[in-house]
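*Asks:* Before I ask anything, here is the structure I am working with.
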Amino acid sequence: MKVVILAGGLGTRISEESQFRPKPMIEIGGQPILWHIMKEYSYYGFHDFIVCAGYKQHIIKEWFYNYFLHNSDVTFDYTSGGNEMRIHKTSVESWKVTIADTGKNTMTGGRIKRIQPYVGRERFMMTYGDGVCDVNIQKLLEFHAAHGKTATLTSVILEQQKGILDISGDNAVRSFREKNLSDGASINAGYMVFEPEIFDYIEGDQTVLEREPLERLAGQGQLMSYRHNGFWQCMDNMQERELLEKMLERGIAPWKKWK
């Protein structure tokens, strides 16, 4: 199953770093947060990724182009007048990574629509490229398969200004709206699962996934919530980046389940 990661936004709220690179390429613990997210999915056996790039997308492509070289022991042999390179050992993951330029100013739904040819008519997972979580991906997928609806999102309870969810007793999302600071309710943490019918809810580049598509799905009873009571943290600003960095330094990073 493919994992789609949104990595094309401008990241204006963390402009201290994003002026130089896309926000998903901002490092925590010496690796881009995008790498951490991919490691989360890879831990559960999902290695096929589609990265929806946009702003400074060339940086993401160049990073992956060099990833194998930077994580291998190599010999460069020029003795015969050529440029021979031999790989001795490598420590890279068994990933397949498709990086799609989905446009600099494309909205979240539009980015998903643009990568439809790479997904086809298959179920797929999707998340944002700026947050880490210790959600059990396998249980999330089992939950999605059991209810038979078009979409599942992972919900957490945090006092933050994100999209607020009205969740019923059967975990159906009844409504989806922007959160007020006074609200103390479940919010959308990403880590979604979609049936291919999601593409039918997206019109084009200016479609915001969190607006009309998710609102329509909620109204039709086709959007379910997988409630996560564990760790989730986005990286919207430098303070949150420093928090994640300190958690890694202290060895208390809940999302880091891999060795």
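The values are calculated or read from the model by the stated rules, or taken from the named source; none is laboratory data. Since the structure is predicted, the reported quantities are computational estimates derived from the model, not experimental observations. For neighbour counting, all protein chains shown are included, and Cβ atoms are generated from backbone atoms with ideal geometry for every residue, glycine included.
*Asks:* Quick one: count up the residues across the range 95-113 that are in a helix (DSSP H, G or I) and basic (K, R).
*Replies:* Adding up the residues that qualify gives 2.
*Asks:* Within the range 75-86, does at least one residue satisfy the condition of being at pLDDT below 95, closer than 21 Å to G54 by Cα and either among the basic types (K, R) or over 18 Å from the mean Cα position of the chain (by Cα) (or both)?
*Replies:* Scanning the range 75-86 turns up no residue that is at pLDDT below 95, closer than 21 Å to G54 by Cα and either among the basic types (K, R) or over 18 Å from the mean Cα position of the chain (by Cα) (or both).
*Asks:* Is it the case that G11 is modelled with pLDDT under 95, under 18 Å from the mean Cα position of the chain (by Cα), closer than 26 Å to F194 by Cβ and not aliphatic (A, V, I, L, M)?
*Replies:* Considered against the rule, which asks whether it is modelled with pLDDT under 95, under 18 Å from the mean Cα position of the chain (by Cα), closer than 26 Å to F194 by Cβ and not aliphatic (A, V, I, L, M), G11 comes out as yes.
*Asks:* Further, regarding this structure: What's the number of the only condition in (1) among the β-branched types (V, I, T); (2) crowded, with 18+ Cβ neighbours inside 10 Å; (3) at pLDDT 95 or above that I187 fails to meet?
*Replies:* Only one criterion is unmet by I187, namely (3).
*Asks:* If we only count helices (runs of 4 or more DSSP H) wholly inside the range 1-94, which ones have 1 or more residues that are exposed (fewer than 14 other Cβ atoms within 10 Å of the Cβ)?
*Replies:* Numbers: elements: 15-18, 33-43, 57-70.
Passing ranges, in order: 15-18, 57-70.
*Asks:* Among all residue pairs at least 6 apart or on different chains, which show Cβ distances below 7 Å where the first residue, located in the range 178-193, is within 24 Å of F143 (Cβ to Cβ) and part of a loop (DSSP other than H, G, I, E, B) and the second is of a type outside the set (D, E, K, R) and at pLDDT below 65?
*Replies:* Going by the 7 Å Cβ cut-off, the qualifying pairs are K179/Q161; K179/G163; K179/I164; A185/I164; A185/L165.
*Asks:* Taking the range 231-255 as the search range and keeping residues that are touching a Phe, Trp or Tyr at 6+ places or on another chain (Cβ under 9 Å) and assigned to a loop (DSSP other than H, G, I, E, B), which one is surrounded by the most Cβ atoms within 10 Å (Cβ to Cβ)?
*Replies:* W255
*Asks:* Of all residues in the range 206-259, count the ones that are touching a Cys at 6+ places or on another chain (Cβ under 6 Å) and over 17 Å from Y128 (Cα atoms).
*Replies:* Residues in the range 206-259 being touching a Cys at 6+ places or on another chain (Cβ under 6 Å) and over 17 Å from Y128 (Cα atoms): 0 in total.
*Asks:* Might you let me know whether the range 154-163 holds any residue that is over 16 Å from the mean Cα position of the chain (by Cα) and modelled with pLDDT of 95 or more?
*Replies:* Looking through the range 154-163, none of the residues is over 16 Å from the mean Cα position of the chain (by Cα) and modelled with pLDDT of 95 or more.
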